[in-house]
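Quick notes on the structure that follows.
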Amino acid sequence: MMNEAELWSKVLSGDMTALSLLYKQNYNLLFNWGMRFVSDEEFVKDCIQDVFVKICSSRKLSSTPYVRSYLLTSLRNMIFDRVASAHDDVSITGRLFEIDDNDSGIEQLFKDDDDSRMLGRRLVMAYNSLTYNQRGSVYLRYVRGLSYKEIAAVMEMNPQSAMNLVSRALKSLRSEMGATPFLIYLCMLLS
């Protein structure tokens, strides 16, 4: 199986099979990312299609070692552009990267006992108290598995800033949660 950089290189040379493979490999990542911005599934699916149509028809593509970051950024920009032109039809959610503190979700993940549910609620409150960028960086790093360089590209910052952002977010979560293995629970909540 080819890695994304190799596939991207083939896409640059006009290989539509490589573009199809990139689409298949990244569809779930892109769909979940898009749903963080808007709650309309069909709108997100259309935007993903538009990103790949634009890639297919573009003559200005260049090589990149961060294909996932390029795709995520392209989708975000496509969503924002389409929302801006649609005016009232679709809106960007104000709850990007937030976790709901509803009982049913917490009870599903933390079924063991009341202590586990309390831990889950504390984690949700601690996570939601992070800044928007901190929540985004933690989501991209630990749920979507992006490297710091990829996070930097998506969030339009340098890699050291991305590392610092994740580090500050984890430090904040640690101070709120104590010695609890919060990162495992956080990944469960965000996925």
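The values are calculated or read from the model by the stated rules, or taken from the named source; none is laboratory data. On a predicted model such as this, the values are computed, not experimentally measured, just so you know. Cβ atoms come from the backbone with ideal geometry, glycine included; neighbour counts cover every protein chain shown. The protein model used for the area step is the full one, side chains on, heavy atoms only, and it has no ligands, DNA or RNA in it. Shrake-Rupley method; radii C 1.70, N 1.55, O 1.52, S 1.80 Å.
A few notes on this one:
Okay, residues lined up against (1) more than 16 Å from Tyr139 (Cβ to Cβ); (2) modelled with pLDDT of 85 or more:
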{"site": "Thr64", "(1), (2)": "yes, yes"}
{"site": "Leu72", "(1), (2)": "no, yes"}
{"site": "Leu75", "(1), (2)": "no, yes"}
{"site": "Ala84", "(1), (2)": "yes, no"}
{"site": "Asp89", "(1), (2)": "yes, no"}
{"site": "Asp100", "(1), (2)": "no, no"}
{"site": "Met118", "(1), (2)": "yes, no"}
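- Where a residue in region 123-141 is part of a helix (DSSP H, G or I) and its partner, wherever it lies, is open to solvent by less than 20 Å² (accessible area, probe 1.4 Å) and aromatic (Phe, Trp, Tyr), with Cβ under 7 Å and at least six apart: Leu123/Phe182; Tyr132/Phe97; Arg135/Phe97; Arg135/Tyr127; Gly136/Phe97; Tyr139/Phe97
- Within the set Phe52, Phe80, the sole residue that is at pLDDT 75 or above, open to solvent by less than 50 Å² (accessible area, probe 1.4 Å), among the hydrophobic types (A, V, I, L, M, F, W, C) and farther than 30 Å from Met177 by Cα turns out to be Phe52.
- Output for region 26-44, where each listed residue is open to solvent by 70 Å² or more (accessible area, probe 1.4 Å) and either more than 25 Å from Asn133 (Cβ to Cβ) or in contact with a helix residue (DSSP H, G or I) (Cβ under 7 Å, 6 or more places away or on another chain) (or both): Glu41, Glu42
- Against the numbered list (1) within 23 Å of Arg135 (Cβ to Cβ); (2) open to solvent by 70 Å² or more (accessible area, probe 1.4 Å); (3) free of Cβ contacts under 8 Å to residues at least 12 places away in the same chain; (4) out of contact with any Phe, Trp or Tyr (no Cβ under 9 Å at 6 or more places or on another chain), Ser85 comes up short only at (1).
- Tabulated pairs, region 20-31, first within 16 Å of Asn3 (Cα to Cα) and without any contact (Cβ under 8 Å) to a residue 24 or more places away in the chain, second part of a helix (DSSP H, G or I) and among the aliphatic types (A, V, I, L, M), C-beta under 8 angstrom, 6+ apart or interchain: Leu21/Leu7; Gln25/Leu7; Tyr27/Ile48
- Meeting the requirement of 3 or more residues that are β-branched (Val, Ile, Thr) and closer than 24 Å to Ser85 by Cβ, the helices (runs of 4 or more DSSP H) wholly within region 1-67 are 41-57.
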